[in-house]
Amino acid sequence: NGYYHSRWSKCIHSSRDFSDMVYVDNYGFNKDVYIQFNSTVGYYVGYTEHGVYNAESWNNDTNILQQERARVET
């Protein structure tokens, strides 16, 4: 009867030296991902109308992108 918002982020790798590390940050609404940052791509991608709107806004903010891109290093 309600709405469900979620956010999860994780680092994915398969090598022992973490050289293939990928950072993924997902935002979901009612179990559907509507926006995602993937360090391989290097910017946000929107999957819904609302997600596309936010992705354009966040991708134009260099501070937000620098922070997200730096997370794979930490």
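The values are calculated or read from the model by the stated rules, or taken from the named source; none is laboratory data. Being a predicted model, the structure only gives us computed values, none of them experimental. Cβ: placed from backbone, ideal geometry, glycine included. Neighbour counts: every protein chain shown. These area figures cover heavy atoms from the full protein model, side chains too; ligands, DNA and RNA do not enter into them. Shrake-Rupley method; radii C 1.70, N 1.55, O 1.52, S 1.80 Å.
Points to keep in mind about this one:
- When only Cα pairs below 8 angstrom with a gap of at least 6 residues are kept, the chain shows a relative contact order of 22 percent.
- Cα gyration tensor shape of the chain, rounded if a/c is under 1.5, else prolate or oblate by comparing a/b with b/c: oblate
- Restricting the chain to GluC sites (Glu not before Pro) that sit in a DSSP loop and have at most 16 other Cβ atoms within 10 Å of their own Cβ leaves 73.
- Selection of chymotrypsin sites (Phe, Trp or Tyr not before Pro), segment 1-66, meeting DSSP coil and at most 16 other Cβ within 10 Å: 3, 4, 18, 47
- Helix 49-59 and the longest principal axis of the C-alpha atoms of the chain enclose an angle of approximately 40°.
- Between the helical axis of 62-71 and the longest alpha-carbon principal axis of the chain there is an angle of about 50 degrees.
- Its Cα centre serving as origin, the chain has a Cβ charge dipole (Lys and Arg +1, Asp and Glu -1) of approximately 240 debye.
- Leading residue at positive end of dipole, the chain (Cβ point charges), from 46, 70, 8: 8
- Ligands, DNA and RNA are left out, and with a 1.4 angstrom probe the accessible area of segment 5-73 is 69 Å² per residue.
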